[in-house]
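The values are calculated or read from the model by the stated rules, or taken from the named source; none is laboratory data. All values derive from a computational prediction rather than experimental measurement. We place every Cβ from the backbone using ideal geometry, glycine too, and count neighbours over all the protein chains shown. Accessible surface areas use protein heavy atoms only, side chains included; no ligands, DNA or RNA. Shrake-Rupley method; radii C 1.70, N 1.55, O 1.52, S 1.80 Å.
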Amino acid sequence: MNHPFGKEEAASQKQLFGFFCECLRRGEWELAQACVPQLQEGQGDIPKRVEDILQALVVCPNLLRCGQDINPQRVAWVWLLVLEKWLAREKKLLPVVFRRKLEFLLLSEDLQGDIPENILEELYETLTQGAVGHVPDGNPRTESWTPRLSSEAVSVLWDLLRQSPQPAQALLELLLEEDDGTGLSHWPLQNALVDLIRKALRALQGPDSVPPGVVDAIYGALRTLRCPAEPLGVELRLLCEELLEACRTKGSPLREERLLSCLLHKASRGLLSLYGHTYAEKVTEKPPRATASGKVSPDHLDPERAMLALFSNPNPAEAWKVAYFYCLSNNKHFLEQILVTALTLLKEEDFPNLGCLLDREFRPLSCLLVLLGWTHCQSLESAKRLLQTLHRTQGPGCDELLRDACDGLWAHLEVLEWCIQQSRCCKSLLNLPGQVSTVSVQYS
């Protein structure tokens, strides 16, 4: 091939582009992939043409020329990774719909025996329509524009959750995933899943035998729900109440620990917060009353009374769980709430309950609380009881700097107490002549 003088580089790039296209026609994917980095540095319209070809390879995998032992979807996945690197060098983002469609095609290969072909086509069409974020007039999509699955498709997905939980969860995560925070395309399917979960919960509490796999289906459906933030609907609030009731029912196959693990992910933080709020309402709506033996005084404010009641529980695991939900529902850090509760007890000079609150996990906070609450002591006796309760019972694991500061306060107390005793002795000595004269007058 003749190269025009002075245009050798452009000619070689054009020749490389032709070789790249010929490798794609023959199905020589490795050779074609090796040409991509140099083509991206090409001149003219070559980089744009290569990018369009890469997108076509990802979007239309069924048109690829592959052998009998080569899956076109898997080849398209390789080109998806190449396209991601290409766009990263151009500081562009890969459209989410490309990956979602391809993931669905790869997943559907393993589900062809479990899901009818017409249902797979309906799911793919729903996934494609749900990827559009806005309607043509530029306004955000409303629920009337969102694609809806048929009742047959939803029933098939629920049966798949009972039989094959992991592939079903992966499929539901694709269908429920949002491109941005404005889309509402997942709500019709999510509402249908919530209705099925509530129906299954009622079946668990009924007298009839429950079909196998229902509990796994409930766990799997909960993992796929998308509730990133409040406000949440009434259906989800009722769902949390029914989940809590089912977990607390004696003999229920649902386990709260596993249920909570299904909700501990970013997309479900709103539902977890709602469940915690429901739990806190049910457990702390009537906290136990108390005495100095570790029960709760009715004179404290509600937050302080609730926290003291929780950590007076002899079961540490139950106390921590309820405290977590209580603080989550009130948007407060539990350490902050513990310190506020302890300072309230200190101001009221309720030292027995104060010692009970800081007796276990929160013992390292004792010296810090001494320094924070020192100015609230109203008398020498109050300050002495504070140090005896929180400082003199400290073990060797206390922070050295805080311990030294508390030791200094204790030394100041001893000096002040000695001064008071000495002043009393001086007053007695000063009053001695008057006392003697009074006695002599009485005898005379």
**Item:** All positions within region 108-133 that are over 16 Å from V59 (Cα atoms) and of a type in the set (A, V, I, L, M)
**Value:** L111, I115, I119, L120, L123
**Request:** Check C23 against each of (1) of a type in the set (A, V, I, L, M, F, W, C); (2) under 45 Å from the mean Cα position of the chain (by Cα); (3) within 26 Å of K101 (Cα to Cα) and name the one condition it does not meet.
**Result:** (2)
**Request:** Note down all Cβ pairs under 8 Å where the first residue falls in region 17-44 and is assigned by the TED database to the domain that holds V78 and touching a residue at least 40 places away in the same chain (Cβ under 8 Å), the second is of a type in the set (K, R) and surrounded by fewer than 15 Cβ atoms within 10 Å (Cβ to Cβ), and they're at least six residues apart or on different chains.
**Result:** R25/R65; G27/R65; Q40/R89
**Request:** Look at region 218-250 and say how many of its residues are of a type outside the set (D, E, K, R) and open to solvent by 80 Å² or more (accessible area, probe 1.4 Å).
**Result:** 2
**Prompt:** Which one is nearest to E245 (Cα to Cα), of the residues in region 196-217 that are at pLDDT below 85 and open to solvent by 40 Å² or more (accessible area, probe 1.4 Å)?
**Reply:** Q205
**Message:** Can you tell me which condition Q129 does not meet? The list is (1) modelled with pLDDT under 85; (2) outside any helix (DSSP H, G or I), and all the others hold.
**Reply:** (2)
**Request:** Give the residue that is least open to solvent (accessible area, probe 1.4 Å), with candidates limited to residues of region 3-48 that are closer than 16 Å to L64 by Cα and outside any helix (DSSP H, G or I).
**Result:** G27
**Asked** What number of residues within region 86-105 satisfy the criterion of being surrounded by 15 or more Cβ atoms within 10 Å (Cβ to Cβ) and part of a helix (DSSP H, G or I)?
**Response** 11
**Prompt:** Looking only at region 246-270, which residues are in contact (Cβ under 8 Å) with a residue 24 or more places away in the chain and over 16 Å from the mean Cα position of the chain (by Cα)?
**Reply:** A246, T249, S252, P253, L254
